[in-house]
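A quick write-up on the structure given underneath.
The values are calculated or read from the model by the stated rules, or taken from the named source; none is laboratory data. A quick note: this is a predicted structure, and the numbers were derived from the prediction, not measured. Because the Cβ atoms are built from the backbone with ideal geometry, glycine has one as well, and the counts that use them run over all protein chains shown. Accessible surface areas use protein heavy atoms only, side chains included; no ligands, DNA or RNA. Shrake-Rupley method; radii C 1.70, N 1.55, O 1.52, S 1.80 Å.
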Amino acid sequence: DVILILGVIMAVLFFVVSAVLLALRRRFVATLWGYAWTIAFLLPVMSIASIGPLAAERLLCLPSAGMVMVLVPVVARLLTSRVAARKMVGAGLGVVIALLGADTMGRTRIWRNNETLFTAMVREAPTAPSAYANLADAIAERRPDSALALYEHSLRLDSGYVHAHLHAALLLSDKGDQRRAIQHLRVARELVPNSDMVLNNLALAFRDAGEIDSALATIDRAIAARPSGSAVLYLNRASVLMTAGRTDEAADELGRALALD
């Protein structure tokens, strides 16, 4: 991470300094294309428009190409003009390649799978609730009890972390502990009252606990929160109705589910 931060700082400094070179020397006019490219792809990620964090992160890969366009003409001029500069740049590149190579080899072990990745995240950011919850997601299928403990630790760090409430409820429901599952889902409903996913999961927990009226009322709220319709919600409403022995009504809900999917 330190190497990455230093690299970014050096790139920004070079970007600023090369602007002065461009102003002083007409022979560096080719770098204009690099500046135009970099600025063009930085604009969408400068809070001008909301494109989402994942898209913004991916889009940040493009300005680096513009920085290379700025770098190559300037370095090419330096390397053809002075032997000392050529040696200095060569040595610097060698050091950077060696450091980045070592960093990559070290991180390959961390990125082997989700468990190794989020184990490292827990170690490096022990106060981040998402680290514990994501590690729990990675091991939930093989070690549900350990995953549940991780979700609970995540909630001790942030009691309003909806992801941990939802996934802890799923594990508890699988273990047959519907009472605790419903507690988690009720908290999640208070945090995001109009989430059809939370309401859907709460309805299924009520169903499994034998509270059919509560299950029907909750799944109806979930359907109302999704005006465009959802085959999954109608399928789950049919499941609640079948549990109650109301098979004719369940058949109608399955028809609605098929119409949507």
What length, rounded to one decimal in nm, is gained on full extension from LEU59 through to VAL232, with 0.36 nm per residue of separation minus their alpha-carbon distance? 58.9 nm
LEU99 versus ALA149: modelled label distance in nm, points set 7 Å from Cα along the beta carbon direction: 4.0
Inter-probe distance in nm under a simple model that places probes 7 Å from Cα toward Cβ, at VAL89 and ASP220: 7.4
Let's test this: bin the Cα-Cα distances of the stretch 133-210 at 10 Å from zero up to the farthest pair and state each bin's percent. 22, 53, 25, 0
Want the number for LEU71 to ARG156: 0.36 nm per residue separation, take away the alpha-carbon distance, what's left? 25.8 nm
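Gain in length, ARG186 to ARG107, computed as 0.36 nm per residue apart minus the alpha-carbon separation, to one decimal in nm? Before the final figure, lay out each step's value.
Details: separation 79, 0.36 × 79 = 28.44 nm, distance 3.96 nm.
Computed gain between ARG186 and ARG107 is 24.5 nm.
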Students sometimes get this wrong: rank PHE41, PHE206 by accessible area, probe 1.4 Å, all chains present, largest first. PHE41, PHE206
Cβ-Cβ FRET estimate between LYS175 and ILE212, R0 fixed at 22 Å, reported to 0.05: 0.55
So what are the ³J(HN,Hα) numbers for the stretch 213-220, from phi and the Karplus equation (6.51, -1.76, 1.60; θ = phi - 60°), rounded to whole Hz, Gly and Pro as x? 4, 5, 5, 5, 4, 6, 5, 5
So if I take the alpha carbon set of the stretch 142-261, get Rg, then get Rh from the Kirkwood formula, what is the Rg over Rh ratio? 1.01
